[in-house]
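Inspection log for the structure reproduced underneath, given as structure tokens.
The values are calculated or read from the model by the stated rules, or taken from the named source; none is laboratory data. As the structure is a computational prediction, the values presented were derived from the model and not from experiment. Don't worry about glycine lacking a Cβ; one is built from the backbone with ideal geometry, like all the others, and counts go over all protein chains shown.
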There are 2 protein chains.
Amino acid sequence: MTKRILIADDHAFVSWGVAKALSALEDIEVIKSVANGIEAIIEIRKTKPDCAILDYNMPGANGLEVFLESKRWSPDTRFVLLTGSATTQTVNALVDAGIHGVALKDGTETEIIEIVRQVCAGKTAIGPSARLLMRLPAETVAVTDRELAVLQAIARGHTNASAAESLGISPKTVDSHRTSLMRKFDVSTSASLLLAAVKAGLLDPASIR
Amino acid sequence: MTKRILIADDHAFVSWGVAKALSALEDIEVIKSVANGIEAIIEIRKTKPDCAILDYNMPGANGLEVFLESKRWSPDTRFVLLTGSATTQTVNALVDAGIHGVALKDGTETEIIEIVRQVCAGKTAIGPSARLLMRLPAETVAVTDRELAVLQAIARGHTNASAAESLGISPKTVDSHRTSLMRKFDVSTSASLLLAAVKAGLLDPASIR
DNA sequence: CGGCAATTCAGGTGATCGCCTGATGGGCCG
DNA sequence: CGGCCCATCAGGCGATCACCTGAATTGCCG
């Protein structure tokens with residue numbers, strides 16, 4: 001029985017290469033390639049493929065969002081994350097959300113093919129390189145909602161006082177959260193706190209402002 | 001006459017996909033694929049290909065470093081940058097350095113093929129998407145050597161005083177440079193200064209510490 | 001129900017920052 | 001040679017930060 005596969009990746013080379021690789025297999029047919037998250041959700045809902053290969057970084061919606069939304073509309077579709085820049089947090093979030101397979105783009109082409117096959121066969125498959133990421137000293141800093149809000153306010157250039165105003169709370173509360181964050185990240189200045197947050201994947205420099 | 005091409009990319013899918021695409025052409029032969037910068041330099045020096053396709057982000061040495069080093073040993077080789085995450089600064093640096101072609105990975109496969117063909121033919125080719133990047137409001141903030149040193153010190157968590165000590169200058173001098181930087185970046189806190197520097201490509205969060 | 005964590009806020013203190021003016025010397029360029 | 005920029009440093013001042021203790025409220029989980 002031929003498996004119908006959808007590929008969602010905004011990098012033409014990757015989707016093209018993967019499509020070529022998978023098309024060479026007899027029991028697999030690539031029915032669609034899309035280049036952004038929104039389109040991926042729409043197409044998965046419409047075509048209900050047996051398997052969807054998702055990039056994480058896509059315009060419109062990221063891999064996690066596509067996965068969560070799409071599986072509501074196409075519960076029988078199995079999902080493989082194929083990402084180039086995966087952090088421990090990203091992989092963990094995807095696995096926690098129940099994704100069926102994870103592969104990194106720096107793996108070999110046989111690696112992803114094998115993962116897709118296994119996932120299509122109903123198994124769960126985490127690629128060796130992705131598994132390595134998960135084993136890493138989790139370095140997971142638990143940040144609460146309000147702490148994150150304060151973090152983003154500081155990133156926008158706010159002082160304690162102006163951040164307080166924009167969040168509608170007392171400057172002292174902002175101070176509390178900021179101090180708490182600095183303790184968690186083991187830094188002693190707001191400046192290096194931001195850098196640490198960027199490194200931890202909590203802040204995206206490009207998306208501020 | 002068949003062109004001998006080398007591909008350097010640490011993403012297996014990309015190098016594999018590009019190799020497949022180029023191999024389909026009659027007058028092109030992919031003689032080698034490498035996955036890191038050091039290996040790229042060695043192989044280019046050894047094989048002296050007609051054309052080398054370089055990723056920017058690679059372990060060992062980045063695309064710019066590979067280009068600068070390799071052209072000394074193989075002056076007749078023509079170089080194409082193929083990158084997924086290009087900033088205005090990156091592209092400009094490469095073009096300034098005299099690279100022959102620039103293509104982004106989010107382009108179509110025909111785009112890169114066309115660029116490689118043109119570069120092999122002796123022309124200079126900048127892909128449409130890369131050209132778009134260069135047209136962007138250059139947003140180039142000129143930073144002096146000492147300012148950059150101060151910036152990195154702050155990024156490492158130093159205060160004015162401790163940064164001064166590590167640089168062997170007066171705290172007041174550090175203060176001057178930091179103030180000057182904040183003026184240039186149009187921010188009013190050290191924290192958002194760091195974020196702005198990251199956005200501008202002057203700091204790499206991953207490489208601090 | 002009782003502990004626990006998150007969130008909120010207060011008061012206080014010393015260190016540091018952000019920014020100002022102003023000065024000195026070196027290097028480059030027309 | 002006279003600007004001009006860079007790097008160096010000084011003094012000073014008000015705002016802000018970094019960090020402390022302590023405390024009230026809420027909601028969740030066992």
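Can you find even one residue in segment B:84-102 that is hydrophobic (A, V, I, L, M, F, W, C), at pLDDT 80 or above and under 18 Å from the mean Cα position of the chain (by Cα)?
For segment B:84-102, residues hydrophobic (A, V, I, L, M, F, W, C), at pLDDT 80 or above and under 18 Å from the mean Cα position of the chain (by Cα): present.
Can you find even one residue in segment B:3-11 that is more than 12 Å from every other protein chain (Cβ to nearest Cβ) and surrounded by fewer than 20 Cβ atoms within 10 Å (Cβ to Cβ)?
Filtering segment B:3-11 for residues more than 12 Å from every other protein chain (Cβ to nearest Cβ) gives B:3-6, B:8.
Within this subset, residues satisfying the condition of being surrounded by fewer than 20 Cβ atoms within 10 Å (Cβ to Cβ) are B:4.
Scanning segment B:3-11 turns up at least one residue that is more than 12 Å from every other protein chain (Cβ to nearest Cβ) and surrounded by fewer than 20 Cβ atoms within 10 Å (Cβ to Cβ).
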Only one of (1) within 20 Å of residue A:189 (Cα to Cα); (2) within 14 Å of another protein chain (Cβ to nearest Cβ) fails for residue B:172. Which number is that? (2)
Can residue A:138 be described as surrounded by fewer than 16 Cβ atoms within 10 Å (Cβ to Cβ), within 11 Å of DNA strand C (Cβ to nearest atom), modelled with pLDDT under 85 and not in a helix (DSSP H, G or I)? no
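For every residue, the table says whether it meets (1) over 16 Å from residue A:193 (Cβ atoms); (2) more than 8 Å from DNA strand D (Cβ to nearest atom); (3) in a helix (DSSP H, G or I).
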residue	(1), (2), (3)
B:146	yes, no, yes
B:158	no, yes, no
B:180	yes, no, yes
B:198	no, yes, yes
When residue A:61 is evaluated against the numbered criteria (1) among the aliphatic types (A, V, I, L, M); (2) at pLDDT 85 or above; (3) under 20 Å from residue A:97 (Cα atoms), which criterion, by number, is the only one it fails? (2)
Residue identified as surrounded by fewer than 18 Cβ atoms within 10 Å (Cβ to Cβ) and either basic (Lys, Arg) or within 12 Å of another protein chain (Cβ to nearest Cβ) (or both) among A:24, A:35: A:24
Quick test for you: out of A:200, A:191, A:163, pick the one residue that is within 12 Å of chain B (Cβ to nearest Cβ), at pLDDT below 85 and surrounded by 17 or more Cβ atoms within 10 Å (Cβ to Cβ). A:200
For segment B:160-177, which positions are of a type in the set (Asp, Glu) and either more than 7 Å from DNA strand D (Cβ to nearest atom) or touching a residue at least 60 places away in the same chain (Cβ under 8 Å) (or both)? B:165
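Quick one: would you say residue A:69 is touching a Gly at 6+ places or on another chain (Cβ under 7 Å), within 27 Å of residue A:204 (Cα to Cα), away from every other protein chain (no Cβ under 14 Å) and surrounded by fewer than 20 Cβ atoms within 10 Å (Cβ to Cβ)?
On the way: touching a Gly at 6+ places or on another chain (Cβ under 7 Å): no; within 27 Å of residue A:204 (Cα to Cα): yes; away from every other protein chain (no Cβ under 14 Å): yes; surrounded by fewer than 20 Cβ atoms within 10 Å (Cβ to Cβ): yes.
Spelling it out, it is not the case that residue A:69 is touching a Gly at 6+ places or on another chain (Cβ under 7 Å), within 27 Å of residue A:204 (Cα to Cα), away from every other protein chain (no Cβ under 14 Å) and surrounded by fewer than 20 Cβ atoms within 10 Å (Cβ to Cβ).
Taking the condition within 13 Å of chain B (Cβ to nearest Cβ) and at pLDDT below 75, does residue A:124 pass?
Values: within 13 Å of chain B (Cβ to nearest Cβ): no; at pLDDT below 75: yes.
Taking the combined requirement at face value, the residue does not satisfy it.
Of the residues that make up segment A:52-60, is at least one without any contact (Cβ under 8 Å) to a residue 60 or more places away in the chain and more than 14 Å from chain B (Cβ to nearest Cβ)? Write out each step before concluding.
Taking segment A:52-60 first, the residues without any contact (Cβ under 8 Å) to a residue 60 or more places away in the chain are A:52, A:54-60.
Cutting the leftovers down to more than 14 Å from chain B (Cβ to nearest Cβ) gives us A:52, A:54.
Yes: segment A:52-60 contains one or more residues that are without any contact (Cβ under 8 Å) to a residue 60 or more places away in the chain and more than 14 Å from chain B (Cβ to nearest Cβ).
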